């Protein structure tokens, strides 16, 4: 009998459990991040507009919506360079994979009526707490 004979299945199940645990952790952290951002934005509803400006700074843009309410727009964005991988290809050619920019943006709108924040909305792939 070999040293670890009979344990191959156990090791595979244990490894599978680790993978499932890791994936579940990523999902939970992703949701927590989205929920955290939701809370960060929606907590301003009902607050005085000047308090919002004191905390978030001057909006990047301000406009009036179709209902006559003022909308403050805050935006942030950044780019990142994806890594480039070079792998041997057929014969003497090389296969280049990846590279190029990855763009991230988050735009937040606060709706203001009678100097109070009455609504909040956001969109983008960088809207994380």
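The values are calculated or read from the model by the stated rules, or taken from the named source; none is laboratory data. The structure displayed is predicted, hence computed values, not measured ones. Cβ atoms come from the backbone with ideal geometry, glycine included; neighbour counts cover every protein chain shown.
Quick notes on this one:
- Taken over segment 80-94, the residue count meeting the criterion of being closer than 22 Å to residue 124 by Cα and either at pLDDT 80 or above or part of a strand (DSSP E or B) (or both) is 2.
- Condition met for residue 97 (in contact with a strand residue (DSSP E or B) (Cβ under 6 Å, 6 or more places away or on another chain) and at pLDDT 75 or above): no
- Restricting attention to segment 65-79 and to residues that are outside any loop (DSSP other than H, G, I, E, B) and in contact (Cβ under 8 Å) with a residue 40 or more places away in the chain, the residue that is surrounded by the fewest Cβ atoms within 10 Å (Cβ to Cβ) turns out to be 78.
- Criterion violated by residue 58 - all others in (1) surrounded by 13 or more Cβ atoms within 10 Å (Cβ to Cβ); (2) modelled with pLDDT of 90 or more satisfied: (1)
- When segment 44-55 is filtered for residues that are loosely packed, with under 13 Cβ neighbours inside 10 Å and assigned to a loop (DSSP other than H, G, I, E, B), only 46 remains.
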